[in-house]
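What follows is a short report on a single structure.
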Amino acid sequence: MKKHTLHSAVFSLIFTALSTVFIFTSCMTTPKMPENASATQLIQLGQDAAELGNYKAAEAYYLETIRRYGLDTSIYIETRYELGHLYLSQKRYDDAYTSFKEILEIYSNAEFGSVPGSFKKLSQIGLDQIPDKYLER
């Protein structure tokens, strides 16, 4: 009888754990995008999702920001930086490299003062955090 009770308890514990994982991951689907959200609001939603570990949602918010507002160079740079930072935190080094490198190329081709200066330095810091084996030679 004790052996049966132990098996039931273990089964119940495993079932509960798997159910919790399923419920948690099912909440990490791609979010519905607010129709009238500004670029700042979408970026903030992405940052909030990233802080919660919902990387798929964060990436979706950032990509939507670029889709809607990417013709504004300042917004594009900020959002690409957020994507690079997101990829870096996930150890998606190839994607992080692409984001940071693109931002630095924009700066090298931009007229002085035409784009916000802070993301140049932040992108270089991000690039410096990528292991050498992921960097183009």
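Before moving on, here are some points about what is shown:
- Taking Lys and Arg as +1 and Asp and Glu as -1, the other residues whose beta-carbon sits under 13 Å from that of Val115 total -2.
- Computed lengthening from Ser38 to Thr73, 0.36 nm per intervening residue step minus Cα-Cα distance: 11.1 nm
- Other residues lying with their Cβ under 12 Å from the Cβ of Ile103 contribute a combined charge of 0, Lys and Arg counting +1, Asp and Glu -1.
- Charged side chains reduced to their Cβ positions (Lys and Arg at +1, Asp and Glu at -1) give the stretch 51-137 a dipole of some 140 debye around its Cα centre.
- Applying 0.36 nm per residue to the separation of Ile125 and Glu51 and subtracting their alpha-carbon distance, the gain on full extension is 24.6 nm.
- Compared with the direct C-alpha span, the chain from Lys133 to Ser108 gains 6.6 nm at full extension, assuming 0.36 nm per residue.
All of the numbers you see were taken from the coordinates with simple rules; none came from a lab. From a predicted model like this one, the values you see are computed outputs, not experimental measurements. Please note: Cβ atoms are built from the backbone with ideal geometry, for glycine as well, and neighbour counts cover all protein chains shown.
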